[in-house]
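The values are calculated or read from the model by the stated rules, or taken from the named source; none is laboratory data. Only a predicted model underlies this, so the values are computations on that prediction, with no experimental measurement involved. With ideal geometry, Cβ positions are generated from the backbone for all residues, glycine too; neighbour counts draw on all protein chains shown. In case anyone asks, the SASA skips ligands and DNA or RNA and just uses the protein heavy atoms, side chains included. Shrake-Rupley method; radii C 1.70, N 1.55, O 1.52, S 1.80 Å.
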Amino acid sequence: MTLAEARKLSPQQLAQRLLGEAGASREYVEASISGNGGIMIGAPGLNSIDLYERPKSAGFAGLCQVEGVHIEFSTSRYDTPGDPPHRVTDFWKMTRFAMLQPTDTRIDDGGDEQQERKCAALGPVADRTDPVFFFVVQSDKAVDAYFAMRALAKAQIAAPALRDAIKCKSYDPKWPVCANPAGAIREIPVRRMAGIRVERCADNVAWCVSATWAKSREGNETEEVGLTIHTDASRVDPPADFNVTAVDLEAGTSVDD
């Protein structure tokens, strides 16, 4: 398949052609097609395709999810002319989540139909920035995303009281985030945080949440903030109440190769 061919087909047609019966059995409504390489490396033609179903409620208050598949294609030399055809080399399923409203509310027993409508209205999802559709590293479980959402909400609420338990590092002298770390945490748009990780804290007893927010991008440089939220939670599933005990805040500029 060439890049031009991919752009002419609907999401469902792409799924049927590239994934066969497995693709035809799903209801994909959106396709995000990447081609001609990235910022620093030229890769002529079709590079990858993300197919997404319609967003839906994740079953927890304030949380949506979307199912999709990522399809990778073979690459050509950087000096290959035109739009060369490529073959599928790999594909995998993916689950992404979005926060309607970061909340510390427990599982919501009501308002399911309203939340379904709100989640469905978030499409298209590929380039959405507020809320961003985030992934949980090494997990496709909604309960992990729900825990992360609650931890982020709790960290913002508790930030002023946690002043002595906030560790802050800034590698950009022009960005005085550590002058008022509690205020910085309160101002971070947590609905735009991505790359979320839910894992045991260093003590191997309680659970921690790590997440990043890209403040700005210019060329291959990204100003970003990273949060690691320490909690006293002894479990993630099933959900239970917990407190935020400390927050690590780190700010700087990353450079993509």
Next on the checklist: Accessible area of segment 1-60 with a 1.4 Å probe: how many percent of it is carbon plus sulfur?
Outcome noted: 46
Item to check | S254-E113 pseudo-label distance in nm [points 7 Å out on the Cα-to-Cβ vector] | outcome: 4.2
Item to check | By accessible area with a 1.4 Å probe, ligands and nucleic acids excluded, highest first: order of I185, I157, I166 | outcome: I157, I166, I185
Next on the checklist: Longer than 22 Å from Cα to Cα, which of K8/K56; K141/K169; K174/K215 are they? Say none if no pair is.
Outcome noted: K8/K56; K141/K169
Checklist entry - Amide H to amide H under 5 Å from K215: which residues, 5+ apart in sequence or cross-chain, H placed 1.01 Å off N in plane? => result E223, E224, V225
Checklist entry - K154: which aspartates and glutamates have alpha carbons under 13 Å from its alpha carbon, excluding same-chain residues fewer than 8 sequence positions away? => result D104, D232, D241
Next on the checklist: Just to be sure I understand, if you calculate P(r) over Cα pairs in 10 Å bins from 0, in percent for this structure, which of [x] 6, 29, 38, 22, 5, 0; [y] 7, 26, 30, 23, 12, 2; [z] 7, 25, 27, 21, 15, 6, 0 do you get?
Outcome noted: [y]
Checklist entry - Going by average Cβ neighbours within 10 Å, how do the peptides 236-243, 130-137 rank, with the highest at the top? => result 130-137, 236-243
Checklist entry - If the cut-off is a Cα-Cα distance under 18 Å, which aspartates and glutamates reach K118, setting aside same-chain residues fewer than 8 apart in sequence? => result E30, E53, E67, D108, D109, D127, D130
Checklist entry - With every protein chain left in place, what is the accessible area per residue of the chain in square angstrom, probe 1.4 Å? => result 54
Item to check | Rounded percent of accessible protein surface that carbon and sulfur make up, segment 87-219, 1.4 Å probe | outcome: 47
Checklist entry - Accessible surface of Y171 in the full protein assembly, 1.4 angstrom probe, to the nearest 10 Å²? => result 150
Checklist outcome for this item: Counting only backbone N atoms under 17 Å from a point 7 Å out along Cα-to-Cβ of A22, the residues of segment 53-71 in range are 53, 67-71
